[in-house]
Amino acid sequence: MKSVIDRYSKTKEEHQLGNPTSEVKFWQREAAMLGQQLQNLQESHRQMMGQELSGLNVKDLQNLENQLEMSLRGVRMKKDQILMDEIQELNRKGSLIHQENVELYKKVNLIRQENMELYKKVYGTRDVNGANRNSLLINDLGIGEDAHVPVNLQLSQPHQQNYETTTRATKLGSLQLH
């Protein structure tokens, strides 16, 4: 495109006075040259796509093959770079998730310790890890469970209970859990 503009500028300077017929001829030549360039590019594109190869000799085919190999090498390098960038990003995200998991594990252990301390305050210093370990289960969550065992939490809907059952349980002085 720059060459077209340069040729136009040069021709314009040569015909400063502006002969309309010479300017028309200039643009006709430019249109013919651009048309030929377009045709050459289309032919080259078809050949790169593996079409219209019958008119090429061995040297032309070898040149075409070299061009395609260089292009393919560039495409593969770009693809490899994109994949490496994606792998790095996924590793970074994985590291952040692992860090968050460690922090959550620490919080769970801290809450377990706090629950154990509260249990000891409420029920005294009975053997929490021994004989009375299974005696206190609140909503299927054991207070004295091993700290290295994963905790499985599950959300559930509260059970419906009628007023009569609640008052009877209160009168008997027992704690009724659902």
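Each reported figure results from applying straightforward, stated rules to the coordinates on display, with no laboratory input. Everything numeric here is computed off the predicted structure, so don't read it as measured data. A quick note on method: Cβ atoms are made from the backbone with ideal geometry, for glycine too, and the neighbour counts reach across all protein chains shown.
Table for the structure above
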read-out	value
Spacing of the two label points (7 Å from each Cα toward its C-beta) at R46 and I82, in nm	3.0 nm
Label-to-label distance, nm, for residues given as Y105 and D6 (7 Å Cα→Cβ offset)	6.7 nm
Point-to-point label distance, A31-V75, nm (Cα→Cβ direction, 7 Å offset)	3.7 nm
Table column - 3J(HN,Hα) (Hz), region 97-108, Karplus curve with 6.51, -1.76, 1.60, x for Gly and Pro	5, 4, 4, 5, 4, 4, 5, 5, 4, 5, 5, 4
25 Å Cα-Cα reach of K107 towards lysines, excluding residues that sit fewer than 8 places from it in its own chain	K93, K120, K121
Per-residue ³J(HN,Hα) for region 74-85, Karplus 6.51 cos²θ - 1.76 cosθ + 1.60, θ = phi - 60°, Hz, x for Gly and Pro	x, 5, 5, 4, 5, 4, 4, 5, 5, 5, 5, 4
